[in-house]
Amino acid sequence: MAAESRNAALVGDREIRGTRVFDAPRELVWKVWTEPEHIGKWWGPNGFTTTTHKMEVKAGGVWRFVMHGPDGRDYQNKITYLEIVPPERLVYRHGGDEDLEPVSFQTTVTFVAEGNKTRVTMRSVFPTAEYRDRVVKEHGAIEGGEQHLARLDEHLAGGGTGTSRAFVISRVFDAPRDLVWKAHSELEGLKHWWGPKGFTWVTGTLDFRPGGLFHYGPPHAERPGDVGPLRLSRDRQARAHGLRDVVLRSQRRDYAPFPEPGMAGGDAEHGHVHRTRRQDHAHHQLGRHRRRRA
């Protein structure tokens, strides 16, 4: 199952809104959003896992949970459900207690059936415009929201069973983000590391733009590999449709939505990049090539 459309954006002066259409029936999407055995398998941005201590999906009910960040830190969270209309609408308040992460907002989630698909819209409203803008700037709330819904899509792709057709490899490189990006986006750099260990290639062309193709292969190859088309976004994502999904982002952005400033070690400002690659299988020599050059 795959999402048809996706976006997250600022609306007005206090709201963040995210929308995604899932190739799954509304009852299933509602189920994986409201049952603890499912929600812990996809909730939160990339790199996070979730442990539920209590979950009562009813008006006045509470969901107490801990988000375990990729920085090793635990983030205490509390959601209080204000309105429940199965399988159409959830309204809840996040935060409010002194022992929780210092972020409070109210969210409305709607589930609209579109044939056998479901349009999910999340509207998070913050107390003030300044509060919302700080969360966006310091904690990457836009990127975090997009990753949040993307993880739900992966969970649904496995039929809501927690399995997925995607194979994910993540690695932190001791190098600036711009250098890692250059190694992925320039043909001369790709020649030094692309492919499994022991693999070399000389033949190659790279048209690095949306819709462009990447052809590569060994010397005198009759049928070099073909990766494409590429889709590029503002957040420096390069995706090879159907084969590879390369996501480059700063370590700090990965810890969205709500770590305190400076708590997420290894961000781009300190010369580290967290790189995640989703595909069927992968072997990388980038780290070895970078060390050889050093």
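Read-outs: derived from the displayed coordinates by stated rules, not from any lab. Predicted model only: the values in this text are computed from it and were never measured. Here the Cβ positions follow ideal geometry from the backbone for every residue, glycine too, while neighbour counts run over all protein chains shown.
Counting every other Cβ atom within 10 Å of each residue's Cβ, Val136, Val32 order from fewest to most as Val136, Val32.
3J(HN,Hα) along segment 140-155: x, 5, 5, 4, x, x, 5, 5, 4, 6, 5, 5, 4, 4, 4, 5 Hz, from the Karplus curve 6.51 cos²θ - 1.76 cosθ + 1.60 with θ = phi - 60°, whole Hz, x for Gly and Pro. Classify segment 6-157: rounded, prolate or oblate, from the alpha-carbon gyration tensor (a ≥ b ≥ c, eigenvalue square roots; a/c under 1.5 rounded; otherwise prolate if a/b is larger than b/c)? Note, shape of segment 6-157 comes out rounded. Put in order of Cβ neighbour count within 10 Å, fewest first, the listed residues Thr128, Thr50 become Thr128, Thr50.
Mind checking segment 32-107 for GluC sites (Glu not before Pro) that DSSP puts in a loop (not H, G, I, E or B) and that have at most 15 other Cβ atoms within 10 Å? Mind dumping the intermediate values first?
Working: sites: Glu37, Glu56, Glu83, Glu88, Glu98; in loops: Glu56, Glu88, Glu98.
Here the sparse-neighbourhood loop sites are Glu56, Glu88, Glu98.
Checked against a 22 Å cut-off, the cross-linked pairs Lys31/Lys78; Lys31/Lys117; Lys58/Lys78; Lys31/Lys58; Lys41/Lys78; Lys41/Lys197 give Cα-Cα distances beyond that limit for Lys41/Lys197.
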